[in-house]
Amino acid sequence: MEEERGFFRNTPASEILATSGWDDFAVLFGGVWYRAVERLDASGKAVFPDVFGTDFWAWLAEHPGERARFDRAMAQGADRRIERLETVDWRGDESVVDVGGGNGSLLAELLKAHPDLHGIVFDLPETTRDESLFDERLEFVAGSFFERVPAGDVYILATILHDWDDASATKILRTIRAAAPDDARIVILDAVVPPGNEAFGPKWLDLLMLTLFAGRERDEEQWRALLAGGGFEPVRFDERLIEARCGS
């Protein structure tokens, strides 16, 4: 925005893009993601591998700088996620596993608000993280959620399952169910797409998920089917949060 001849300042929109994390989102959207989206077709298949020669996660592993950028970008919006998590009935001295928890910032903030909780951030070993966040209450465990997850009382999946098709997402849930005690529960921070054609932000994400991973956003009926296939029973659905318990 030009304030006077030859002098410019940011608009409210560009001011956001100048902050850490959102600037990383801007680079992703204007770079590798844009190059993939422009090749999107009607096949229903992810096109990222065709453009870059490998799947998105393998590409990140091969490009540490981009992995760090992605992890910083995924940490944005943490305040809104924490607000949603505060609607959950935390029961005190519980062990919380953030599955695919990235750099650990979300779980670290949750533990600040609930001093009796203990946390495990579970993600791939190449995940870029701030080691200063981790102490006796919060640890990082490396691994793949297709193979195993640590035991815990509560499992958080924050914008994880929409990255995957139904078969892969079901496998993630089954991996969690195999490790979870029968009284454990899961908290999913993903959108529940409402019926109809009204505007809803995550609908455009459906195209990005398709482009990158052949993933998808889901409506309530699709979430119910996915949870049942993974061994869980839904407890409540909000617009961007789902709670479920272990099935019998």
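Yes or no: the stretch 57-68 includes at least one residue that is under 17 Å from THR159 (Cα atoms) and touching an Asp or Glu at 6+ places or on another chain (Cβ under 8 Å).
Checked the stretch 57-68: at least one residue is under 17 Å from THR159 (Cα atoms) and touching an Asp or Glu at 6+ places or on another chain (Cβ under 8 Å).
Out of all the residues in the stretch 104-161, which are surrounded by 22 or more Cβ atoms within 10 Å (Cβ to Cβ), under 21 Å from GLU83 (Cα atoms) and touching a Phe, Trp or Tyr at 6+ places or on another chain (Cβ under 7 Å)?
GLY104, VAL121
When only residues in the stretch 211-238 that are within 29 Å of VAL47 (Cα to Cα) and of a type in the set (Gly, Ala, Ser) count, which is modelled with the lowest pLDDT?
Within the stretch 211-238, the match that is modelled with the lowest pLDDT is ALA214.
For the stretch 190-209, give me each residue that is under 14 Å from ALA169 (Cβ atoms) and out of contact with any Asp or Glu (no Cβ under 7 Å at 6 or more places or on another chain).
Matches in the stretch 190-209: ASP190 only.
Can you tell me which residues in the stretch 1-28 are closer than 25 Å to MET209 by Cα and either in contact with a Lys or Arg (Cβ under 6 Å, 6 or more places away or on another chain) or modelled with pLDDT of 85 or more (or both)?
Of everything in the stretch 1-28, those that are closer than 25 Å to MET209 by Cα and either in contact with a Lys or Arg (Cβ under 6 Å, 6 or more places away or on another chain) or modelled with pLDDT of 85 or more (or both) turn out to be GLY21, ASP24, VAL27, LEU28.
Counting only residues that are under 19 Å from the mean Cα position of the chain (by Cα), within 21 Å of SER168 (Cα to Cα) and surrounded by 17 or more Cβ atoms within 10 Å (Cβ to Cβ), how many does the stretch 25-56 have?
Residues flagged as under 19 Å from the mean Cα position of the chain (by Cα), within 21 Å of SER168 (Cα to Cα) and surrounded by 17 or more Cβ atoms within 10 Å (Cβ to Cβ) within the stretch 25-56 amount to 3.
If only one of VAL149, VAL187, VAL141 is of a type in the set (A, V, I, L, M), under 14 Å from the mean Cα position of the chain (by Cα) and either in the same structural domain as THR87 (by TED's automatic domain parsing) or more than 19 Å from GLU221 (Cα to Cα) (or both), which one is it?
VAL187
In the stretch 93-137, what residues are in contact with a helix residue (DSSP H, G or I) (Cβ under 6 Å, 6 or more places away or on another chain), more than 22 Å from TRP164 (Cα to Cα), assigned to a strand (DSSP E or B) and of a type in the set (A, V, I, L, M, F, W, C)?
none
The values are calculated or read from the model by the stated rules, or taken from the named source; none is laboratory data. None of the values given here were measured: they were computed from a predicted structure. Positions of Cβ are backbone-derived with ideal geometry, glycine not excepted, and every protein chain shown enters the neighbour counts.
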